[in-house]
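Okay, structure first, notes after.
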Amino acid sequence: MDKNREPVKWEELSWEQIAKIRDDGIDMVILPVGATEQHGLHLPTGVDTLSAVAIAEGVSAITGIPVLPSMAYGCSLGHSKKWPGTLPLRPETLSKIISELTEWIYSAGFTRLLILNGHVTNFAPLRCGLENVRADIPEMKISLRSIWELTQEVKDFYEQDAGDNWHANNAETSLMLHLRPDLVEMDKAQDEPNRSENCFFSYTVDKESICGGVGAPSEGNEGQGKFILESCIENLSKMLVNALSEKAPLDKS
């Protein structure tokens, strides 16, 4: 794997260049899906998109797999209208977008798609989109991965200060301090506990957080963000090198 190449960005290529990539044997693309939503007082609304894109482009630079233009809108309805900045899609809309995009990806001759998710509550609608694709385009190989689950170490780090209800926490703050420190206002970071940890029902963020975050962003630092990014890129690159030639279990001979 070559770590010195530039990422392959779909929107920067001509149709002829895209066809050559396909004809040269790379039939996979990566679709980063993020969100535009409030991230507390100290982080920008584009955290989830910036994170997914950074990992996708890092992987592309190693593997040569093209990265599609990112989706900056996700299923963020749970952030409510209390704080300005959130621009959500309905889950059925997000799921439909995946189905429609995949039809065109497949028609261009790319038969493998990784949806790289950067926002927690995108997962269910993205999974529904995956199910529709499997039914409608049986020849398409499609996978869904969330960035915080790419390694066990990264998953543990995301959850260490807020369980699985984290938001604008140490991990997200650290990653942004590594990627875009110019967008982080650490003097405004507010630590908040996971108040819904023992709740039976699911609540919107405005009913569990004062400033819009859950976790300990004050503990964030650039070094931890570098660890997250490099771990995710390295592990996902290894997975995709194998995925480029993977066959369905019953197709193997």
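Structure data summary
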quantity	calculated
Test result for Thr49, out of contact with any helix residue (DSSP H, G or I) (no Cβ under 9 Å at 6 or more places or on another chain), closer than 26 Å to Arg127 by Cα and surrounded by 16 or more Cβ atoms within 10 Å (Cβ to Cβ)	yes
Any chance Ala135 is over 19 Å from Val59 (Cα atoms), over 14 Å from the mean Cα position of the chain (by Cα) and either buried (at least 23 other Cβ atoms within 10 Å of the Cβ) or modelled with pLDDT of 95 or more (or both)	yes
Residue that is nearest to Ser231 (Cα to Cα), among those in the stretch 169-188 that are part of a loop (DSSP other than H, G, I, E, B) and out of contact with any Asp or Glu (no Cβ under 9 Å at 6 or more places or on another chain)	Arg180
Yes/no for Lys226 being under 27 Å from Pro32 (Cα atoms), in contact with a helix residue (DSSP H, G or I) (Cβ under 8 Å, 6 or more places away or on another chain), modelled with pLDDT of 95 or more and charged (D, E, K, R)	yes
Top-ranked residue in the stretch 210-224 [being under 23 Å from the mean Cα position of the chain (by Cα) and assigned to a loop (DSSP other than H, G, I, E, B); ranked as surrounded by the fewest Cβ atoms within 10 Å (Cβ to Cβ)]	Asn221
Qualifying residues in the stretch 87-132 (those that are among the aromatic types (Phe, Trp, Tyr) and touching a residue at least 12 places away in the same chain (Cβ under 8 Å)) - the one surrounded by the most Cβ atoms within 10 Å (Cβ to Cβ)	Phe110
Criterion violated by Glu37 - all others in (1) acidic (Asp, Glu); (2) surrounded by fewer than 18 Cβ atoms within 10 Å (Cβ to Cβ); (3) more than 28 Å from Glu246 (Cβ to Cβ) satisfied	(2)
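Per-residue answers, yes or no, for (1) in contact with a Ser or Thr (Cβ under 7 Å, 6 or more places away or on another chain); (2) over 17 Å from Thr49 (Cβ atoms); (3) of a type in the set (Phe, Trp, Tyr):
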residue	(1), (2), (3)
Val120	no, no, no
Ala124	no, yes, no
Gly129	yes, yes, no
Glu153	yes, yes, no
Asn165	yes, yes, no
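Condition check ((1) modelled with pLDDT under 95; (2) among the polar types (S, T, N, Q)) across all residues:
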position: Lys3; (1), (2): yes, no
position: Glu11; (1), (2): no, no
position: Pro32; (1), (2): no, no
position: Gln38; (1), (2): no, yes
position: Thr45; (1), (2): no, yes
position: Arg112; (1), (2): no, no
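The values are calculated or read from the model by the stated rules, or taken from the named source; none is laboratory data. Source: prediction; values computed, not measured. We place every Cβ from the backbone using ideal geometry, glycine too, and count neighbours over all the protein chains shown.
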